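Visitor: Please read through the structure below; I'll follow up with questions.
The values are calculated or read from the model by the stated rules, or taken from the named source; none is laboratory data. Everything numeric here is computed off the predicted structure, so don't read it as measured data. When the accessible area is computed, the model is the full protein with side chains, heavy atoms only, and any ligands, DNA or RNA have been set aside. Shrake-Rupley method; radii C 1.70, N 1.55, O 1.52, S 1.80 Å.
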Amino acid sequence: MQKSKSYLLFILAVIVVVLNTSCQNNKQPIYQKFDNFKTINTDFKITSEAIVNGQLLAKYQCEEKINGVENSIPLSWKNVPSGTKSLAVIMYHYPKKDDKLEVNSYLLLWNIDPSISQIPYKMANNPSWAMGANKDGNTVSYTSPCSQGPGKHEYTIALFALGEDIKSLPKSSSVKVNYERFMEAISETKLIDRTSLTFTASHE
């Protein structure tokens, strides 16, 4: 009787492990929904004076950390779609080019008023909106591109025009907001449009 009970418990444990593994394998990262997003309003654009011919200028790479904080890239945009209630910005990079299951975020901003059209150099951490964690998740900051090794590394800056405020994120800056939490919040918010800017950076 005891052997039968032990065997039954063993079988149940195996079933739980198999089901859990299956769920993990089938889970798709939220950000894949946005990589191929097509801009609806073609005049809605984001640019940066730090990027010339698709390349990030060297002086904006590997910014010096001061108290753990780095100077942010200058950004500007135009033609925010009608009905936009707030804007959000993310900058991300896939450290393994062909593996989108791993992603690093370099800038996380939300609750930006739609009347704002630019963020000057060094000014991403502004009390007028909220900012998330840096790439390492240890402080509220922008992370400047500083990929090591040969070749060029690709980064994307995405600007979201939202039809409502993001309810699931804090109203002020928080180190607890990382890439996953940010993108989950975006996926739960009314999205009007998205535009993006992709560039390369090289640092050997």
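Visitor: For the pairs Lys100/Lys171; Lys122/Lys176; Lys135/Lys167; Lys65/Lys176, note any where the Cα-Cα span goes beyond 27 Å.
Guide: The pairs that break the limit, which is 27 Å between Cα atoms, are Lys100/Lys171.
Visitor: Please arrange Glu188, Glu70 by accessible surface area, largest first, computed with a 1.4 Å probe and ligands excluded.
Guide: Glu188, Glu70
Visitor: Over every pair of different alpha-carbon atoms in the range 113-165, take the mean of 1/r and invert it; report that Kirkwood radius in Å.
Guide: One over the average 1/r among Cα pairs gives 13.8 Å for the range 113-165.
Visitor: Suppose accessible area is computed on protein heavy atoms with a 1.4 Å probe; arrange Thr198, Thr189 from highest to lowest.
Guide: Numbers: Thr198 65, Thr189 15 Å².
The most accessible residue leads, giving Thr198, Thr189.
Visitor: Follow-up question, since we're still on this one. Need one value: the accessible area of Val103 in square angstrom, 1.4 angstrom probe, rounded to the nearest 10.
Guide: 20 Å²
Visitor: While we're looking at this one, here's another question. Just read off the accessible area of Trp129 with the full protein assembly in place, 1.4 Å probe, to the nearest 10 Å².
Guide: The accessible area comes out at roughly 20 Å².
Visitor: If the cut-off is a Cα-Cα distance under 16 Å, which aspartates and glutamates reach Lys38, setting aside same-chain residues fewer than 8 apart in sequence?
Guide: Reachable aspartates and glutamates: Asp193.
Visitor: Right, next: Along each of the three principal axes of the Cα atoms of the range 54-168, give the extent in whole Å, ordering the values from largest to smallest.
Guide: That gives 44, 33, 28 Å along the principal axes, largest extent first.
Visitor: Still on this model: Largest first, how would Ser115, Ser141 line up by accessible area (1.4 Å probe)? The partial results should precede the final answer.
Guide: Values: Ser115 95, Ser141 5 Å².
In descending accessible area the options line up as Ser115, Ser141.
Visitor: Follow-up question, since we're still on this one. Using a 1.4 angstrom probe, figure out how much accessible area the range 84-204 has per residue, in square angstrom, rounded to the nearest whole.
Guide: On a per-residue basis, 46 Å².
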